[in-house]
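Structure first, then comments.
The values are calculated or read from the model by the stated rules, or taken from the named source; none is laboratory data. On a predicted model such as this, the values are computed, not experimentally measured, just so you know. Glycine also receives a Cβ, built like all others from the backbone with ideal geometry; neighbour counts cover every protein chain displayed. Accessible surface areas use protein heavy atoms only, side chains included; no ligands, DNA or RNA. Shrake-Rupley method; radii C 1.70, N 1.55, O 1.52, S 1.80 Å.
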Amino acid sequence: MIFRKSYSESELISGLQAGGIQRERSTDLLIKHHRNLISRGKKRYGLSDQVAEETYLDAIMSLCQQVELGKFRGESRLSTYLHRIFENKCKNRLRDDKEARYSWVDDMPDMPAKARTVLEQLELAEELDHAKHLLAQLGGRCKEILLLSELQGYSQQEIADQLGLKSARVVATSRYRCLTKLKQAIVDNAILFKSKLYSKN
Amino acid sequence: MSDIYFTTEYLERYLAGELSDTEQTAFEKAMDAQPKLEEAFRRHMLARAAVFHTAKEEWRDNKRQKLREWRAEEKQTSSVSWYQMAAAIALLLAIGLGIYFLQSRQSSPEELFLAYYEVDAAPNTRNQASESELYKGYQAFNQQNYEEALMRWDNIPADQLDNFTTNELTYYRGLSYLELGRTTEAIQQLNQIQDSDFSDRATWYLALIWLKEGEADRARPLIQSLARRASPYQSKAKEVLKQLEE
């Protein structure tokens, strides 16, 4: 390659591990500098434009989470690691629908085995779409707190600063309150679902 | 049963691994014994899944938009006047031909690794043996659950397997470590079977590992040995050797 990256991998890794705004900047750098993988997904695996792009972004997300959780040990270069994750995700997309449906479970944060089993057992297609719809109806502040807490690795203090809340503690209690509100909405809409997930407690 | 188990805060502490071992065991036992608690937990998981999925979709949309902006920027900066284009072409033409021969013919060791690396699938058999730890491990391997595969194989007593299967297992352990980025352990495993029925495969992957590490000089003799002898890897080895030597 003629043109070299203008960042060092160790800087990237530090940025990803820092969380919040720094993580977002490092993630953007990664996305920008390795986007040629999208063409690779199209040529090598025959993926469509949209699917290749989605798969690439999923690979980036997985990489960032693995760096954040300390699973990337630095025994290979970050770019090699990303290539490998991307190749595996491309292969997964080509497999049957059932396996591809469950692949997002691996992207969720580490949790006890029992919780993971519940996720894999849930009838996701209908219930998940309904639950997402209820989340969208929750209202701006609740949705913001829940989404910021979920993926980007923002600290509670950063979320408090971003949303103009008093303190990190307020963010934590607000998050629990909003999750409870979402669960109540799921129960209140029980008439829509056949699964016994939704009978009143 | 404690009412605290039903609270969002407690469920979140459980998911985050913040409970002690005793608390976690007690909670999971309570879930197994009380359908209402299990129901509450499954509802909580659905809520979390909805949040995660929505967050992921919004993140993806945001990044997709950025990809489009960067592509648009590239197109803008590349629309220069034809004078500048002509001057640039004239300058680059002289350099470009030389670089073309170097860059397109000479791949870096790491690029060769990326071009040739593919994980070999583990045996996939449905018979009495498929319930054994060995074959459950192979299943986990084929599903890319490499940590689980290694854990299952660790449960097999060493004296339970014949020589061939022991070597086969060592080979797939090596590939598992390689997939997990644990290169040193991968090399240790593959080195052990250099004189077995898996010699060609082990040599091929060892060569790829050295290419991945940027160590072309260590990869070369391995690839040369594969190129010289009849095996499924001979033609690929010849291709890699040609690119290494150009």
Selection status of B:E38, open to solvent by 60 Å² or more (accessible area, probe 1.4 Å) and facing another protein chain (nearest Cβ under 9 Å): yes
All helices (runs of 4 or more DSSP H) inside the stretch B:136-246 with 2 or more residues being of a type in the set (S, T, Y): B:163-179, B:183-192, B:199-212
B:Q34 modelled with pLDDT of 90 or more and closer than 19 Å to A:D110 by Cα: no
Hits in the stretch B:1-34 (condition: closer than 14 Å to A:A115 by Cβ, in a helix (DSSP H, G or I) and under 33 Å from the mean Cα position of the chain (by Cα)): B:L11, B:E12, B:R13, B:Y14, B:L15, B:Q24, B:E28
Test: residue in the stretch B:181-198 that is over 20 Å from A:N88 (Cβ atoms), within 14 Å of another protein chain (Cβ to nearest Cβ) and buried (at least 16 other Cβ atoms within 10 Å of the Cβ): yes
Verdict on A:Q184 being more than 24 Å from B:F6 (Cα to Cα) and more than 9 Å from chain B (Cβ to nearest Cβ): no
Failed item in (1) at pLDDT 85 or above; (2) farther than 16 Å from A:L138 by Cβ; (3) buried (at least 19 other Cβ atoms within 10 Å of the Cβ), with A:L148 passing the rest: (2)
From A:A100, A:A172, A:A115, residue being assigned to a helix (DSSP H, G or I), closer than 21 Å to B:Y14 by Cβ and modelled with pLDDT under 85: A:A115
